[in-house]
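The values are calculated or read from the model by the stated rules, or taken from the named source; none is laboratory data. Not measured: the values here are computed from a predicted model. Counting neighbours? That spans all protein chains shown, and the Cβs are built from the backbone with ideal geometry, glycine included. Just the protein is used for accessible areas: all its heavy atoms, side chains included, with ligands, DNA and RNA removed. Shrake-Rupley method; radii C 1.70, N 1.55, O 1.52, S 1.80 Å.
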Amino acid sequence: MFEGRLNENDTEMAGNWIEGGQYFPMTFKRADWQAEQAREAQKDYSHASPNDLPGHWKGILNANGSKLQLAFDVAKLPDGTYSCSMTSLDQGGGEIPASTTQYFSPNLRLEWPAIGVSFNGKLENGKLTGAWRQGGGVVPLVLERNGAN
């Protein structure tokens, strides 16, 4: 859940993202939807082999006896860098863009500092295998390509 206030210019919402009883400061800035659409059109999700990073990935996070389905959408950008967004399929939320997407084959680092999450993994044999870090805990996470690719 997000709880916050809109500024006087209606350009930002500042407040807290609340998850699992923890509060994470967060600011949302009004997006230019035309610029966002143009950026989205430049994203390439195609892959030529199992060890190409772009694509749509799914995995199950097993934490504290709960199972949570996660989806990562990883795109290659025209400048050769990557972007990633995450969706928690069981929580009904929208995509959360990663603030950091670093890929130096086979190593991947993703960060969502606003919600205190990071993922460090490796792309090997067509799977992303690594560690999900959140709230001081570390949980293994394996993601495989979504069958729709």
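Quick notes on this structure:
- If you take the alpha carbon atoms of the chain and fit the smallest convex hull around them, that volume is 123 Å³ per residue.
- The stretch 5-52: C-alpha pair distances exceeding 12 Å, %: 75 percent
- Helix-only [θ]222 nm of the chain, DSSP H runs n ≥ 4, -39500 (n - 2.57) each, per residue, nearest 500: -1500 deg cm²/dmol
- What the Cα atoms of the stretch 11-86 give is an Rg and a Dmax of 16.4, 42 Å.
- Once the Cα gyration tensor of the stretch 81-142 is diagonalised, semi-axes √(5λ) in Å: 18, 14, 12
- Descending principal axes extents, the stretch 49-103, alpha-carbon based, whole Å: 40, 23, 16
- For the stretch 88-131, the fraction of 1.4 Å probe accessible surface lying on carbon and sulfur atoms is 47 percent.
- Take every Cα pair under 8 Å whose residues are at least 6 apart in sequence, average their separation, divide by the length of the chain, and the relative contact order is 16 percent.
- Charges were assigned to the Cβ only: +1 to each Lys and Arg, -1 to each Asp and Glu. The resulting dipole of the chain about its Cα centre is roughly 500 debye.
- In a fully extended conformation the segment linking LYS43 and SER88 would gain 14.1 nm over its present Cα-Cα distance, using 0.36 nm per residue.
- Solvent-accessible area of MET1 with every protein chain in place, 1.4 Å probe, in Å² to the nearest 10: 130 Å²
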